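One structure is given below, encoded as structure tokens.
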Amino acid sequence: METHAKLIPPSEEFKKQAHLGRGQYLALYEQSLKDPERFWSEQAQHLTWMKNWNRVQETQFHKPIKINWFEGGVLNACYNCVDRHLNSRAAKVALYWEPDHPQEPSRAITYQELYEEVQIFASILKSKGVNKGDRVIIYMPMIPETAFAMLACARIGAVHSVVFAGFSPEAIHDRISDCGASFVITCDGGMRGGKLLPLKQNVDEALEKPHSVKSVLVVRYAKNPVIMHSHRDSWYHQEVRDFKENWLHAEVAPEPMLSSDPLFILYTSGSTNKPKGVLHSTGGYMVYASTTFHYVFDYKEKDVFWCTADVGWVTGHSYSIYGPLSHGASIVLFEGVPHYPSQGRFWEIIDKYQVSVFYTAPTALRALMKAGDQHVKESSRRSLRLLGSVGEPINPEVWMWYYNVVGDGRCPIVDTWWQTETGGVLMVSLPGAVDMKPGSTGLPFFGVRPHMLTPEGVEIRGPGEGILALENSWPGQMTTIFGNHDRFEETYFSTFTGLYFTGDGCRRDEDGYYWITGRVDDVINVSGHRIGTAELESAFVLHKNVAEAAVVGVAHDIKGQCVHAYITLKDGVVATEELRKDLAQWIRHEIGAFAAPEKVLWAPRLPKTRSGKIMRRILRKISEGALESLGDTSTLADPNVVEELIQSHSSTLPSANEKAPGFPKAA
Ligand code: WT7
């Protein structure tokens with residue numbers, strides 16, 4: 001622990017060229033707290049507005065909760081990401097696209113080309129009857145058309161909801177129903193690590209149940225045979241051809257959007273069984289994505305920026321699309337995975353496009369570190385100047401490997417803490433300005449006022465450990481849960497009065513640095529993806545053989561956490577290996593492959609309190625093999641259950657050292 005808490009200063013070379021020095025960070029931070037209206041109105045001026053706002057901030061963390069930034073302002077997100085760069089950056093590459101397999105042709109799309117593609121896409125959407133405010137589901141692989149689709153929606157004021165291509169037909173259907181989508185954009189298939197994703201087929205299956213969808217637009221890409229339903233489906237390439245032949249449609253002007261008009265919905269898991277439709281507004285979100293991109297990644301015009309996250313997650317929204325493109329940056333979009341076709345894939349791509357800023361997830365780094373340094377060392381990586389990490393705590397060992405082996409000790413690392421709900425980074429050691437601590441997510445970003453509390457809501461001052469909450473709003477804050485403002489208030493503002501509840505535990509050290517210790521609610525973070533235990537459990541009990549299920553997150557050396565499911569079968573059902581596999585398959589179908597359990601454990605009975613609440617804490621300890629620290633079991637309705645579970649699993653349980661290497665655990 002001691003050794004990990006050391007401060008690592010950025011190199012003099014990096015400092016010299018950085019946007020901010022330490023003094024400037026401190027001064028700006030102070031200003032941002034003292035006069036947030038001034039600070040954020042200055043930042044907002046980096047965007048192009050059609051009409052100025054009346055008030056910078058209209059927010060309230062007391063009921064009725066209100067999040068409204070730049071009230072009265074009018075702008076268009078697509079205009080800010082595309083049109084406004086045509087004067088000075090028309091020939092600059094907006095998007096380098098790298099396919100799953102390196103032997104397939106790559107693409108480079110300039111801002112001029114991006115403009116034309118988005119125009120056509122927007123025009124097709126309009127001709128298909130998509131209007132301002134309509135919800136559009138985007139279920140796509142990581143190809144340029146996905147970016148065109150998002151920007152085209154933004155252009156016409158339609159609200160996109162990107163569904164990660166790893167989600168199942170069931171999950172697509174849930175999302176379509178929840179947001180009442182009228183339109184779906186998908187693809188005949190996508191490639192990931194050499195495997196075909198049957199996207200159109202999944203959409204077809206999702207639409208077998210009652211739904212609100214009027215049309216499905218299908219991009220042809222994988223040349224995978226699909227069934228087209230003539231009344232509902234159309235091919236994108238045919239629409240493009242018609243468009244070009246007839247030139248019927250006039251240019252689609254960017255729709256003037258109020259700052260508070262929604263830009264997108266992104267579903268994320270919480271502590272109930274139903275994913276939440278996190279809604280982001282146009283003005284506040286854009287200002288925050290753009291401002292954080294500038295400072296957090298020390299962005300310079302000549303950078304080539306690569307964020308490896310899929311656009312199906314918020315990281316892809318804010319730091320592959322809206323943040324970088326609002327600056328006219330060149331980004332890399334990669335369809336594939338880190339280890340295919342070789343363990344050196346990431347580093348080859350960095351050399352190929354001369355990537356200067358690289359942003360990825362600890363889970364990928366852990367896997368690549370395990371694969372061995374030789375794969376990294378085969379590449380040059382001289383173009384790199386800054387590295388980033390996001391999605392879960394990064395183990396100090398992995399941090400040091402990233403720093404020394406990937407970055408050759410030259411590049412600062414920004415460990416960025418944020419959430420789907422926050423729209424952009426809230427905590428980071430700003431590069432060049434703030435010394436780094438491996439494993440710590442650093443200090444608050446401008447305007448962010450963190451608080452640390454006990455579960456009872458008592459404020460902890462100075463160093464200590466507690467629950468992380470935030471005192472005031474920031475422009476990237478989600479504005480509501482789509483269609484359910486009550487749930488928004490309940491989820492984020494009812495735990496601590498007047499504060500935004502993050503759901504994360506944290507530690508604050510003597511230097512004021514924050515260390516995220518993981519979720520304190522019933523959310524598991526598997527490879528940086530959020531999965532609610534309640535969501536998994538309710539999926540399990542839909543299976544015909546399952547009576548009851550309890551799910552816990554257990555430390556895993558690559559994924560960070562993995563899912564262990566304790567299953568009580570219905571009377572008369574025999575526990576077989578086959579059923580175990582069937583249950584894992586069931587979760588793939590109900591939610592998606594990334595949520596599949598690592599282990600399915602048979603539980604004749606589950607440990608419950610007298611009031612019937614499942615004590616997952618005990619199950620977690622059993623799974624981790626930490627039997628000596630089971631804690632107080634006296635509140636259990638039947639303490640014998642624990643002994644039973646231990647007995648029945650002694651053969652299948654992992655040894656205690658199957659944990660993530662050396663991450664400082666919560667005390
Ligand atoms: C949760 C949010 C932020 C975009 C990707 C995930 C965890 C995120 C870090 C970090 C430690 C982190 C938190 C947070 N998390 N970044 N740098 N260090 N933990 O978005 O799916 O909304 O998940 O991810 O637990 O609450 P998300």
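The values are calculated or read from the model by the stated rules, or taken from the named source; none is laboratory data. As the structure is a computational prediction, the values presented were derived from the model and not from experiment. Neighbour counts are summed over all protein chains in view; Cβ atoms, including those assigned to glycine, are modelled from backbone coordinates with ideal geometry.
Just a few scattered comments:
- Residue in the range 318-334 that is without any contact (Cβ under 8 Å) to a residue 60 or more places away in the chain, away from the ligand (no atom under 15 Å from the Cβ) and out of contact with any strand residue (DSSP E or B) (no Cβ under 8 Å at 6 or more places or on another chain) present: yes
- Residues of the range 335-364 satisfying the condition of being touching a strand residue (DSSP E or B) at 6+ places or on another chain (Cβ under 9 Å), in contact (Cβ under 8 Å) with a residue 40 or more places away in the chain and in a helix (DSSP H, G or I): 345, 349, 350, 352, 353, 362, 363
- A count restricted to the range 615-643 and to residues that are within 18 Å of residue 561 (Cβ to Cβ), surrounded by 15 or more Cβ atoms within 10 Å (Cβ to Cβ) and touching a residue at least 24 places away in the same chain (Cβ under 8 Å) stands at 8.
- Taken together, 580, 620, 605 contain a single residue that is out of contact with any Gly (no Cβ under 9 Å at 6 or more places or on another chain) and in a helix (DSSP H, G or I), which is 580.
- Of the candidates 349, 321, the single residue that is in contact with an Asp or Glu (Cβ under 6 Å, 6 or more places away or on another chain) and modelled with pLDDT of 95 or more is 349.
- Those strands (runs of 3 or more DSSP E) lying entirely in the range 159-214 with at least 2 residues farther than 30 Å from residue 345 by Cβ and touching a strand residue (DSSP E or B) at 6+ places or on another chain (Cβ under 9 Å): 183-187
- Highlighted here are the strands (runs of 3 or more DSSP E) found entirely within the range 439-545 that include at least 2 residues which are modelled with pLDDT of 95 or more, among the aliphatic types (A, V, I, L, M) and crowded, with 21+ Cβ neighbours inside 10 Å: 464-470.
- Restricting the range 431-445 to residues that are within 15 Å of the ligand (Cβ to nearest atom) and among the aliphatic types (A, V, I, L, M), the residue that is nearest to residue 163 (Cα to Cα): 443
- Residue among 389, 429, 330, 380 that alone is surrounded by fewer than 22 Cβ atoms within 10 Å (Cβ to Cβ) and of a type in the set (S, T, N, Q): 380
- Condition broken by residue 435, with the remaining ones in (1) surrounded by fewer than 24 Cβ atoms within 10 Å (Cβ to Cβ); (2) closer than 25 Å to residue 495 by Cα satisfied: (2)
Conditions tested, residue by residue: (1) surrounded by fewer than 20 Cβ atoms within 10 Å (Cβ to Cβ); (2) in contact (Cβ under 8 Å) with a residue 40 or more places away in the chain; (3) touching a Ser or Thr at 6+ places or on another chain (Cβ under 9 Å).
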position	(1), (2), (3)
560	no, yes, yes
564	no, yes, yes
580	yes, no, no
594	yes, yes, yes
597	no, yes, no
601	no, yes, yes
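- Residues satisfying the stated conditions in the range 281-323, i.e. of a type in the set (Val, Ile, Thr) and closer than 16 Å to residue 475 by Cβ: 282, 287, 291, 292, 296, 314
- The residue that is modelled with the highest pLDDT, counting only those in the range 1-37 that are in contact with an Asp or Glu (Cβ under 7 Å, 6 or more places away or on another chain) and of a type in the set (Gly, Ala, Ser), is 18.
- Against the numbered list (1) farther than 17 Å from residue 363 by Cα; (2) in contact (Cβ under 8 Å) with a residue 40 or more places away in the chain; (3) out of contact with any Leu (no Cβ under 7 Å at 6 or more places or on another chain), residue 584 comes up short only at (2).
- One residue from 448, 398, 428 being within 16 Å of the ligand (Cβ to nearest atom), in contact (Cβ under 8 Å) with a residue 24 or more places away in the chain, within 20 Å of residue 68 (Cα to Cα) and of a type in the set (A, V, I, L, M): 448
- Taken over the range 430-460, residues that are more than 14 Å from residue 509 (Cα to Cα) and small (Gly, Ala, Ser) amount to 4.
- So residue 392, is it part of a loop (DSSP other than H, G, I, E, B) and either at pLDDT below 95 or within 16 Å of the ligand (Cβ to nearest atom) (or both): yes
- The range 107-128 residues that are at negative phi and in contact (Cβ under 8 Å) with a residue 60 or more places away in the chain, paired with ones that are surrounded by 22 or more Cβ atoms within 10 Å (Cβ to Cβ) and among the basic types (Lys, Arg) (beta carbon under 6 Å, 6 or more apart): 122/155
- Single residue of 293, 305 found to be in a helix (DSSP H, G or I) and not polar (S, T, N, Q): 293
Let's see how each residue does on (1) part of a helix (DSSP H, G or I); (2) out of contact with any Lys or Arg (no Cβ under 7 Å at 6 or more places or on another chain):
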position	(1), (2)
216	no, no
222	no, yes
226	no, no
231	no, yes
240	yes, yes
243	yes, yes
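- The set of residues in the range 546-558 being surrounded by fewer than 18 Cβ atoms within 10 Å (Cβ to Cβ) and either farther than 18 Å from residue 607 by Cα or touching a His at 6+ places or on another chain (Cβ under 7 Å) (or both) consists of 557, 558.
- Only one entry in 422, 363 is near the ligand (Cβ under 10 Å from one of its atoms), under 20 Å from the mean Cα position of the chain (by Cα), buried (at least 23 other Cβ atoms within 10 Å of the Cβ) and not aromatic (Phe, Trp, Tyr), namely 422.
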